[in-house]
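What follows is a short report on a single structure.
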Amino acid sequence: MSKLDKKLCSLAEDYITNEYYRVGNCSYAWEEWDDPRDDLSCHVESSELTPGDTENYSWWQVISNEIISSQVSDRNDATGEYCVKVCAAIAVSSGSGDEEVDETVEPEECTIYVQIDRDEEGNFCVVGTEE
């Protein structure tokens, strides 16, 4: 593996571990209604903060994240655009309302494609992900 490939894989793995599937990260989703009498006025809100004034919400929390492998799957050195395929074993507990987190949930293997761009100064930055 080239020095550049190692750098790109390391950046992608760090992003998955520290941002995308950070252990302990919890997200919430709930419905908001502009007009409670109009079924078409509903939309879904999401946040990493517990919803304040609603009892009906769903949540999911990352329990574990283990990187299995990574490799540069697509590259364009001329434009500075790269894609790194990261395979990881991720355990996510989910529920609704005040249900307890299940710490014993089994990890599932997933593949995440991390898009990385190089700017004019030669710095690399994650610009997107896809599962």
Checked segment 89-110 for anything surrounded by 11 or more Cβ atoms within 10 Å (Cβ to Cβ) and not in a loop (DSSP other than H, G, I, E, B); matches are Ala89, Ile90, Ala91, Val92, Ser93, Ser94, Gly95, Ser96, Cys110
Going by the conditions given, is Tyr82 in contact (Cβ under 8 Å) with a residue 24 or more places away in the chain, among the aromatic types (Phe, Trp, Tyr) and within 18 Å of Asp117 (Cβ to Cβ)?
yes
Restricting attention to segment 114-124, the residues that are touching a strand residue (DSSP E or B) at 6+ places or on another chain (Cβ under 9 Å) and either under 27 Å from Ser58 (Cβ atoms) or part of a loop (DSSP other than H, G, I, E, B) (or both) number exactly 2
Scanning segment 25-52 for residues that are touching a residue at least 12 places away in the same chain (Cβ under 8 Å) and not in a loop (DSSP other than H, G, I, E, B) gives Cys26, Ser27, Tyr28, Ala29, Trp30, Glu31, Glu32, His43, Val44, Glu45, Ser46, Ser47
By residue number, the members of segment 15-71 that are small (Gly, Ala, Ser), surrounded by 15 or more Cβ atoms within 10 Å (Cβ to Cβ) and at pLDDT 95 or above are Ser64, Ser70
Result of the Cβ filter at 7 Å on segment 104-127, keeping first residues that are under 11 Å from Tyr15 (Cβ atoms) and at pLDDT 95 or above and partners that are among the aliphatic types (A, V, I, L, M) and open to solvent by 80 Å² or more (accessible area, probe 1.4 Å), at least 6 apart or interchain, is Gln115/Val127; Ile116/Val127
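Residue-wise test of (1) under 18 Å from the mean Cα position of the chain (by Cα); (2) in a strand (DSSP E or B).
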| position | (1), (2) |
| --- | --- |
| Glu13 | yes, no |
| Val23 | yes, no |
| Thr54 | no, no |
| Trp60 | yes, yes |
| Cys83 | yes, yes |
| Cys87 | yes, yes |
| Ile112 | yes, yes |
| Val126 | yes, yes |
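The values are calculated or read from the model by the stated rules, or taken from the named source; none is laboratory data. From a predicted model like this one, the values you see are computed outputs, not experimental measurements. Every residue, glycine as well, gets a Cβ built from its backbone with ideal geometry; the counts of neighbours run over all protein chains shown. These accessible areas exclude ligands, DNA and RNA; they are computed on the full protein's heavy atoms, side chains included. Shrake-Rupley method; radii C 1.70, N 1.55, O 1.52, S 1.80 Å.
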